Each structure stands twice: as structure tokens, then as C-alpha cells.
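Values in this text are rule-based calculations from the coordinates and carry no lab data. These numbers were taken from a predicted model, which means no experiment stands behind them. Because the Cβ atoms are built from the backbone with ideal geometry, glycine has one as well, and the counts that use them run over all protein chains shown.
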Amino acid sequence: MRLIAPCQTARKPHTRMRPTTVSRFKAALDHLEEGVIALFLAVATLILFASIVHRYASGIPALWEYTQHVSFNWAQELTIYLLIWMAKFGAAYGVRTGIHVGVDVLVRKLSQAWQRVFVIFSLLSGAFFTAVIAWLGASFVLQVRQLGQVSPDLELPMWIIYLAIPLGSSLMCFRFLEVLVNYLKGRPLPSHSYAEIETGVDTPDVEMKSRA
Amino acid sequence: MSGNSGIILILLVALLMTGMPISIALGLVVLTFLFFFSNIPVEIVSQRLFTGLDQFALMAIPFFILAGAFLTHGGVAARITRLGTAIVGHFSGGLALSAVLSCAFFAAVSGSSPATVVAIGSIMLPAMMQQGYPKKFGVGVIATSGGLGILIPPSIVMIIYGVSTSSSIGQLFAAGIVPGILMAAVLMLVTWIVAKKRNYPTLPRASLAEVWTAFRESVWGLGLIVVVFGGIYGGVFTPTEAAAVSALYGFVVSVFIYKDLKLSEVPRVLKDAANMSAMLMYIITNAILFSFLLTSENIPQNLAQWIIDQGLTAWMFLLLVNILLFFAGDFMEPSSIILILAPIFLPVAQQLGVDPIHLGIVMVINMELGMITPPVGLNLYVASGLARMGLTETTIAAAPWILVVTAVLLLVTYVPEISLWLPRLIYATPG
């Protein structure tokens, strides 16, 4: 989400006195989301690298004794699936960090009240779209499950792999609503600061507008 | 042109203007259109959201972003600026020249423009201001040379173009090298002329031994150039595999060789890279949906026919592309523009005999121009943030540089050999 009112950090530290069940659940969800995306990206990198090493090691006769027992035919497929899961959950994380940007040059010229209207409309649109996709995705998963389709190399049931769509999109919908509720409570919108995220250097003035 | 294309266009523009995320706007256009105006079942959407991403070539994006994140955090940028300063520091405007050269070096290991601005700018801008360069000049130089990030391969924007037009990413990368070097040379020349006229400071000449030391220190970072290009063009691996190797290489160099990044900071780097990649991939999936809608309504084909019927020649078409992209670049960021417009331009280009690889490079340089042109010039925002400078001032700072980049853009647009010579040499394919 792009920002209207300038603000810098996406997340506020949890300063509540007593952790409630809801806040515990939310914290667990946050950790799960962040854990999944970081882990999947790391694992995908390592698997693809291992498969390249294996491909070249297989060309060396002296190593055949070790390489012939291992097959990395599935590496490419698994890399793609891991990264698609990373992308679907990362998109939800992105709502929380305010990295999804739009064309806001016109809206920024409006009065505060109208800006508020457009922010609420945008967040609701995001929640609506992701909810529809989650629903369509869920019915698609059920359909695939009945067909019993499996993936070409790993022979994993495809419905499990396609679960990324309804799960990721539901989470994203939840994040849009969360940002909306926080906004209505008067908290600033999350905005992604490019320099801070990219380098860790302290440049609070750098606000995210769009990206390459 | 049919009424359907009008509906799609109006819907898209209306939704974009509300300021909602571009990805959501694209997705909503598709849903609305399928629901109200078409017989295509809406169910196709959810499947496309997955299959749209199910391409190995696309996976180069998260890996290159991860590699870039490691290089930025891991002290590679700082060593590259030292090398740049050692090589060109003693000319007029030495520090500014070094900034351009460092951006070019960093661009050759990183695939993103704003990342290049941040990596090099956060080191060189303070140094330039300390030496008494006007802020305006520094911001202009950094924002413009940062654009080399997407022109000098590897380049995220080129991967996106390659995926959305089914062009070879290896050929696109090769095609970016000569225009990239040309752009860097022109920027350095202009910087040098301005510096000479305004008497900007020079640095003491670095001895050969100092240049050698700076080179040796940065050689691990620069080694990535050899890994990526040697790997891709030596046939060792595909661009996606090269990207994964870069990511791992970047990790090893930052954590174990330069030791500027602690092992405990790695999860944060991973998370940031995943965040950025996921955002891009979300736009990509929705843009693929959108271009599926366009294709199923025959819009690009009809448009191509219409343009041919108007008697447009190749150069008129390219000029039209330049102008359209210039305006689009003022409002949207490069990835979205390429994803929306490349599939529309491509059929026209092919009918007029414009090489898709050439069109890709033209679009990329056009995007660079957009990134230093207000109101949505991302490089400008990032650079002005680094220099703590107001936006109006920043806009003025960029103005002369817009002319310089435009000149290079026109040259590359109308002399296709600049971009096509190298890929033809490497791939030895006629046309």
C-alpha cells in the first residue's frame, strides 16, 4: 500500500501489558509468515546450487561412485514450488510492510478527507480481490484433489502445491483488513522505506514510491 | 478497435487512479471483465495465478534480488567505490566521476536501479558534499547513474521483459552491455565537462600500487561478473541458475570473506529480499492474468493491425514507443509498465521488423528515463532522501540529466546495432 501520511516504520513494537490469546495468535502468525518466506528462499537457493554442483560432479568419472546414487531431476520443480509459496506468503507480508505500491500522484493532491476515502477504498478493494481469489483458489484445490493430479518430477499431489493460492490469498486478505482496522484506529499506514530495508542505513526521509 | 478494449482501458485507468496497488487494480480489472462482459469462466483465474508463475526463467528474479541484498549489506559497494575513486579520482570532478564508475561496476553485479542508488549513493553522496560539491549536482549524478542498474546486466527489468515476451534472457543481457557502457561513458564525459567548467575539486592521483590494492580488495565482489557472464555465455548454466549461484556467492563473500555481514543478520536479509521478490511476483502474476485477458480479446493483435493499417513505419513506431513510455514512466514503476505494455508492443514490433531484443533494450532505457523524471522518479526520491534534499530542488537537479539520458535513448533506439551487435556475435544468429 502506498502511503498518504508520511511515516516510516511498518511495525510497531508490541507494547501491550498482557499478551492476550489474540495477540499471541497474531505474533505466531507473523513469525510463521516471516519464517516461511525466509526459509523457502534460502532452501530454494541451496537446492538449486546443489543440483548444479551435482550436474558437474556427475561428469567426473572419479566421482561416479558417489553421484550415481543421487538424482537431482526434481530440483528445478521444487525450486519453482518453494518460490511460488514464498511469493504467495510474501505478498501477504508485503501488505504488512507496505511494499505494494500504486499510482498515488493524483490522490495525493486531494484534501485529507478525500485521501482518507481513497485509502479506505483501496484497502477494501485489496481485501475484496484477495478474498475472491482465496475462494476461487479453494474450489480449484478441491477440484484438483478429486482429479488426483500429481506433479511431473516429485510426484507430489498437485492439490497440496496449489494450496499456496487459497492460503496465501486468505492471509493477504487478513493483512489488508488488519491494516484497514489499524488505519481506522488512527495509526499510520505501513510504508516501505527503500534505503532502510535495502541497506539498514538510517535514512528516514526515503519513502517508497514505486520500484524496479 | 472493439468496445471491449475501451471497457478494459477505462476500468484499468479508473482503478489505478484511486491509488490502490497496481497488482490489485490489474486483478480487479480481469475479475470484473470476466464476470460482467465475457463468457470465459472466472475459475480460470485461480489456475492462472499459479501457472503464471510456474516458469523457471522467472525464478531468476528472487535469486538476483537476494544476491543484490547480500552485496549491498556485505561491504561490496564500499570496496567498489574505493576502486572507482582510485581509478578516476584525479580527474576534474574526481569524486563525481568515481560515483558514476562505481554505479556502473555495481550495476554489473546487481539487477536493480534504486538498489544501486542506495548502495553507491549512501557512500558517495556524503563524501561529495563533504568535498563541497553542490547537493543538486550530487543528487543528479547519483540518481542518473543509478539507472545503469537495470541497463547493465544482470537486470530484473530485463528478466521481466524476457518472461513477458518469451525472449531469451541471455540475449537481452548481452544486448544491454554495449548500451550500458555507452551510457556510463556519456555520463562520465558530461560529468567531467561540467566539473571542469565549474572547477570541482580533484583528488590526488592514486599510485599504481593503490589502484592494485583497491582492485584486490574489491575483486571478490567483482568476481561475480565473471561467475554470471562466464556461466551464462560459457554454457555452464542458465540465467536462473546463475542467479542462484550469485545469491550463494554473495552470501559467502559478505559473511565469510569480507565479514561485513554477521551470520545473525542473514535472516533479515533473506526476509527483505523475499519481501521485494514477492511484491514483484505478485504484480507479475496479476499482469500475466491481465495480458491473458487482452490476448483472449485479441486486443494486441487488433492494435497491431490498426497501427500497420495507419501506415506507420518502424521508426515512427519506435518514436511512439519512446513517447508513450516517457509518459507512462512518469506515473508507474518499470516492472508494471513492461508487464502491461510489452505484450501490446511486441506484435506491432514483429510486424514492422523491429527485433524484440532491441525493443527490450529501448524499453529498459526508457524506464531509466522514467526513474529520474518526476513525479514518480524512484531514483530521484531515493537519492534526495539520501541527501536530505527537498523534492522541488531534486526535480531541478535532474533536469539536465534527463536531456543526457534522452540523447542516449534516441541513439540506441535508432541505431539498433548498438544493442544487437553483441548478442549476434555471441549467439551467431542472423536477425
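Mind sorting A:VAL141, B:VAL190 by how few other Cβ atoms lie within 10 Å of their own Cβ, fewest first? Please list the in-between numbers first.
On the way: A:VAL141 21, B:VAL190 18.
Listed from fewest to most nearby Cβ atoms, that is B:VAL190, A:VAL141.
In terms of the Cα gyration tensor, with a ≥ b ≥ c the square roots of its eigenvalues, is the range B:265-310 rounded because a/c is under 1.5, prolate because a/b exceeds b/c, or oblate?
On the way: a/c = 9.63, a/b = 3.68, b/c = 2.62.
Cα axes put the range B:265-310 in the prolate bin.
Return the Rg/Rh value of the range B:291-406, two decimal places, where both radii are evaluated on C-alpha atoms and Rh is the Kirkwood radius.
We get a ratio of 1.06 for the range B:291-406.
Hey, what number do you get for the protein assembly as shown at 222 nm if only DSSP H runs of n ≥ 4 count, each worth -39500 (n - 2.57), divided across all residues, to the nearest 500? Write down the numbers at each step before the final one.
Numbers: 28 runs with 455 residues, N = 643.
Estimated from H runs of four or more residues: -23500 deg cm²/dmol.
Using Cβ contacts closer than 10 Å as the measure, can you line up B:CYS103, A:CYS173 from fewest to most? Display every interim value, and only then the final one.
Details: B:CYS103 34, A:CYS173 22.
Lowest to highest Cβ neighbour count: A:CYS173, B:CYS103.
Using a cut-off of 26 Å between alpha-carbon atoms, which lysines can reach A:LYS185, once sequence neighbours fewer than 8 places away in the same chain are excluded?
A:LYS12, A:LYS26, A:LYS109, A:LYS209
Which whole-number value in Å³ per residue fits the convex hull of the alpha carbons of the range A:67-106? Don't skip to the answer; put the middle values down first.
Working: hull volume 3.7 nm³, N = 40.
Roughly 92 Å³ of hull volume per residue.
Roughly how compact is the range B:199-351, stated as its Cα Rg over 2.2 N^0.38 Å to two decimals? Each step should come with its number before you reach the end.
Numbers: Rg = 22.8 Å, N = 153, 2.2 N^0.38 = 14.9 Å.
Expressed relative to 2.2 N^0.38 Å, the Cα Rg reads 1.53.
Return the Cα extents of the range B:132-225 along principal axes one, two and three, sorted largest first, each rounded to a whole Å.
For the range B:132-225, the Cα extents along the three principal axes come out at 49, 32, 20 Å.
Can you bin the protein assembly as shown into rounded, prolate or oblate? Criterion: square roots of the alpha carbon gyration tensor eigenvalues sorted a ≥ b ≥ c, rounded for a/c under 1.5, prolate for a/b above b/c, oblate for the rest.
Working: a/c = 1.26, a/b = 1.21, b/c = 1.04.
Cα axes put the protein assembly as shown in the rounded bin.
Grab the Cα-Cα distance for B:ASN199 and B:ILE40, subtract it from 0.36 nm times how many residues apart they are, and report the gain in nm with one decimal.
So the extension gain works out to 50.6 nm.
Using unit Cβ charges (K, R positive; D, E negative) and no other charged atoms, how large, in debye to the nearest 20, is the dipole of the protein assembly as shown about its Cα centre?
Details: 35 positive and 30 negative charges, 360 e Å.
It works out to roughly 1720 debye.
Mind checking Rg over Rh on the range A:99-150, alpha carbons, Kirkwood formula for Rh? Mind dumping the intermediate values first?
On the way: Rg = 17.8 Å, Rh = 13.7 Å.
Computed over Cα atoms, the ratio is 1.30.
Could you quote the convex hull projected area for the range B:333-385, Cα atoms only and averaged over all directions, in nm²? Provide the component values of the computation, followed by the final result.
Values: hull surface 15.1 nm².
Value for the range B:333-385: 3.8 nm².
Quantify how strongly other chains surround peptide B:198-209 by giving the mean number of their Cβ atoms within 10 Å of each of its Cβ atoms.
Numbers: counts 0, 0, 0, 0, 0, 0, 0, 0, 0, 0, 0, 0.
Counting Cβ atoms of other protein chains within 10 Å of each residue's Cβ and averaging gives 0.
Can you compute log10 of I(q)/I(0) for the range B:140-288 with the Debye formula, treating each Cα as one identical point scatterer, at q = 0.14 Å⁻¹?
Log-scaled intensity ratios, in q order: -0.97.
Per residue, how big is the convex hull of chain B when only Cα atoms are used? Give it in Å³. Write down the numbers at each step before the final one.
Values: hull volume 61.1 nm³, N = 431.
It comes to 142 Å³ per residue, whole-number rounded.
Taking a point 7 angstrom from the Cα of A:SER111 along the C-beta vector, which residues in the range A:173-193 have backbone N less than 15 Å away?
Counting backbone N atoms under 15 Å from the label point, the list is empty.
Amide H to amide H under 5 Å from A:VAL150: which residues, 5+ apart in sequence or cross-chain, H placed 1.01 Å off N in plane?
A:MET158
Tell me which lysines have Cα within less than 25 Å of B:LYS197's Cα, excluding those fewer than 8 residues away on the same chain?
Reachable lysines: B:LYS135, B:LYS136.
Taking the dipole about the Cα centre of chain B, with the C-beta of Lys and Arg at +1 and of Asp and Glu at -1, give me whichever of B:ASN379, B:TRP315, B:VAL190 is farthest to the positive side.
Going by the Cα projections, it comes out as B:VAL190.
Identify all lysines with a Cα-Cα distance to B:LYS262 below 16 Å; exclude those on the same chain that are fewer than 8 residues away in sequence.
Cross-link targets: B:LYS271.
Would you tell me the mean number of C-beta atoms belonging to other protein chains that fall within 10 Å of each C-beta in B:333-342, as a whole number?
Numbers: counts 6, 3, 3, 5, 1, 1, 0, 0, 0, 0.
Neighbouring Cβ atoms belonging to other protein chains average 2 per residue here.
If R0 is 30 Å, what FRET efficiency do you get for B:TYR427 and B:ALA185 from their C-beta distance, rounded to 0.05?
Working: r = 25 Å, r/R0 = 0.83.
The pair B:TYR427/B:ALA185 has a calculated efficiency of 0.75.
Once you put a point 7 Å from the Cα of A:SER139 and another 7 Å from the Cα of A:SER151, both along the Cβ direction, what distance in nm separates them?
My value for the distance between the label points is 2.6 nm.
Using the 10 angstrom Cβ neighbour count as an exposure proxy, how do A:HIS100, A:HIS54 rank, fewest first? Could the numbers behind the result be given before it?
Working: A:HIS100 27, A:HIS54 16.
Fewest to most other Cβ atoms nearby, the residues stand as A:HIS54, A:HIS100.
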